[in-house]
Amino acid sequence: MDEKKVMLSGIQPSGDLHLGNYLGAIKNWAGRSEEFDCYYFMADMHTITVRQNPADLRRRTLEQLAQYIACGLDPEKNTLFIQSHVPAHAELGWVLNCYTMFGELSRMTQFKDKSAKHKDNINGGLFTYPALMAADILLYQPDFVPVGNDQKQHVELTRDVAERFNHIYGDVFKIPEPYIPKTGARIMSLSAPESKMSKSMPEGCVFLMEKPEDIQRKFKRAITDSDTENCVRYDPAAKPGVSNLMNIYSAVTGKSYEEIEQEFDGKGYGAFKPAVGDAVIETLRPIREEAQRILADKAYLETVYRAGAEKAGYIAGKTLRKVYKKIGFVAR
Ligand code: TRP
């Protein structure tokens, strides 16, 4: 019998993956499968709450899958699938919509942010998205849901909805815990080190699939600090730019801040910045090459996501049948 605890997370294929995603999260996922039974899915159904270009969405969904595998997520050890391939998400999503309150949904900060940003498209899906996310989670009865801080509120809502449902119908859903990983570096923008690295500021963002010369150019232009010290020293408050570069360098080389300070003692930013660039390039090179190789092998990718959907669908189907029975739907 499989005694492992279950972990599940979804990722929206709405943007290209970058160094912040990798060092902050993905890098640590590969090792998790030893301890947990892991499910990761491309949340394509969630992305259409804002308008997507169809060709881009299709391409990115496959690219992300290829990149996750290239980052070390072994499809033999993790269940990797595409959300829309498992219809139980939409089905349970509808049910949970009816157990999620208007007031609860109105309090979601992501809804408030996104509806302020997309004033011309405040659609019903954007509003009820947390009910679909609750379905994504509860279908698999996970113990843990690894998410960033911005998604904690949605996991908490999921717990409330699950508890409400269980209160009426008995123990149907396991109540999941949000899992905020201890490991993982918080990487800031190279061009604005007070903000998180983000695809919305491409000049300060290094994408996993980016060409080495473009990566090096971004590091050479990285904002170091306006102090006159020109000295590689870790001090996030006074020297956010240099400290961010040290954080990146430390994450890719495993060196401590003291070791880095010694290595660049007396050498200044002019030597440090390209050294960080080179270290990042060498870290990303095998990932990029492997992702390109996988992406070119459409038959392999298809095998992976079909097998993933089949396994996920089996587990999800069990939960959905239980729910349908509890609420009084006639068995098919
Ligand atoms: N809402 C998440 C995000 O925007 C993605 C997501 C969808 C998710 N369903 C999920 C994350 C289920 C964890 C579990 O990043």
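Considering region 232-273 alone, what residues qualify as being among the small types (Gly, Ala, Ser) and assigned to a loop (DSSP other than H, G, I, E, B)? Even if it seems obvious, please write down each step before you answer.
From region 232-273, those among the small types (Gly, Ala, Ser) are 237-238, 241, 243, 250-251, 254, 256, 266, 268, 270-271; that's our starting set.
Ala237, Ala238, Gly254, Ser256, Gly266, Gly268 - these are the residues of region 232-273 that are among the small types (Gly, Ala, Ser) and assigned to a loop (DSSP other than H, G, I, E, B).
Would you check which residues across region 27-51 are of a type in the set (A, V, I, L, M, F, W, C) and farther than 18 Å from Tyr305 by Cβ and list them? Full working, then the answer.
Let us first name the residues in region 27-51 that are of a type in the set (A, V, I, L, M, F, W, C), namely 29-30, 36, 38, 41-43, 45, 48, 50.
Hits for region 27-51 are Ala30, Phe36, Ile48, Val50.
Pairs please, first residue from region 113-136 and more than 22 Å from Val95 (Cα to Cα) and in contact (Cβ under 8 Å) with a residue 12 or more places away in the chain, second anywhere and assigned to a helix (DSSP H, G or I) and more than 13 Å from the ligand (Cβ to nearest atom), Cβ atoms under 6 Å, 6+ apart in sequence or on different chains.
none
Could you grab me the full set of residues in region 14-43 that are assigned to a loop (DSSP other than H, G, I, E, B) and near the ligand (Cβ under 10 Å from one of its atoms)? Working first, answer last.
Here is the first cut: in region 14-43, the ones assigned to a loop (DSSP other than H, G, I, E, B) are 14-17, 25, 29, 35, 43.
Selection gives Ser14, Ala43.
Can you confirm whether region 159-182 contains a residue that is within 21 Å of Phe272 (Cα to Cα), of a type in the set (S, T, N, Q) and not in a strand (DSSP E or B)? Can you show your working first?
First, pick out the residues of region 159-182 that are within 21 Å of Phe272 (Cα to Cα): none.
No.
Which of the numbered conditions does Asp113 fail, given that it passes all the others? Conditions: (1) part of a helix (DSSP H, G or I); (2) closer than 20 Å to Phe36 by Cβ.
Looking at each condition in turn, Asp113 falls short on (2).
What are the pairs with Cβ atoms under 9 angstrom where one residue, in region 289-309, is free of Cβ contacts under 8 Å to residues at least 40 places away in the same chain and the other, located anywhere, is surrounded by fewer than 13 Cβ atoms within 10 Å (Cβ to Cβ)? Sequence gap at least six, or different chains.
Short answer, once both residue conditions are applied: none.
Looking at Gly125, is it of a type in the set (Gly, Ala, Ser), at pLDDT 95 or above and more than 13 Å from the ligand (Cβ to nearest atom)? Give the steps one after another, and end with the answer.
Values: of a type in the set (Gly, Ala, Ser): yes; at pLDDT 95 or above: yes; more than 13 Å from the ligand (Cβ to nearest atom): no.
Criteria not met by Gly125.
What tally of residues in region 202-231 results from selecting those that are assigned to a loop (DSSP other than H, G, I, E, B) and open to solvent by 10 Å² or more (accessible area, probe 1.4 Å)?
At the first step, the residues of region 202-231 found to be assigned to a loop (DSSP other than H, G, I, E, B) are 205-206, 208-211, 221-231.
Of the ones still in play, those that are also open to solvent by 10 Å² or more (accessible area, probe 1.4 Å) are 209-211, 221, 223-231.
Total meeting the criteria: 13.
May I ask you to verify whether Lys199 is outside any helix (DSSP H, G or I) and touching a Cys at 6+ places or on another chain (Cβ under 9 Å)? Don't jump to the end; show me each part of the working.
Numbers: outside any helix (DSSP H, G or I): yes; touching a Cys at 6+ places or on another chain (Cβ under 9 Å): yes.
The answer is yes for Lys199.
Among residues belonging to region 131-171 that are of a type in the set (Phe, Trp, Tyr) and open to solvent by 40 Å² or more (accessible area, probe 1.4 Å), point out the one that is farthest from the ligand (Cβ to nearest atom). Steps first, answer last, please.
If we filter region 131-171 for residues that are of a type in the set (Phe, Trp, Tyr), which is where we start, we get 140, 144, 165, 169.
Now narrow it down to the ones that are open to solvent by 40 Å² or more (accessible area, probe 1.4 Å): 144, 169.
Numbers: Phe144: 10, Tyr169: 22 Å.
That would be Tyr169.
As an exercise: evaluate Ser189 against (1) surrounded by 22 or more Cβ atoms within 10 Å (Cβ to Cβ); (2) farther than 30 Å from Lys218 by Cβ; (3) of a type in the set (Gly, Ala, Ser) and give the number of the one condition it does not meet.
Condition not satisfied by Ser189: (2).
The values are calculated or read from the model by the stated rules, or taken from the named source; none is laboratory data. As the structure is a prediction and not an experimental result, all values here were calculated from the model. Glycine also receives a Cβ, built like all others from the backbone with ideal geometry; neighbour counts cover every protein chain displayed. Keep in mind that these areas ignore ligands, DNA and RNA; they rest on the heavy atoms of the full protein, side chains included. Shrake-Rupley method; radii C 1.70, N 1.55, O 1.52, S 1.80 Å.
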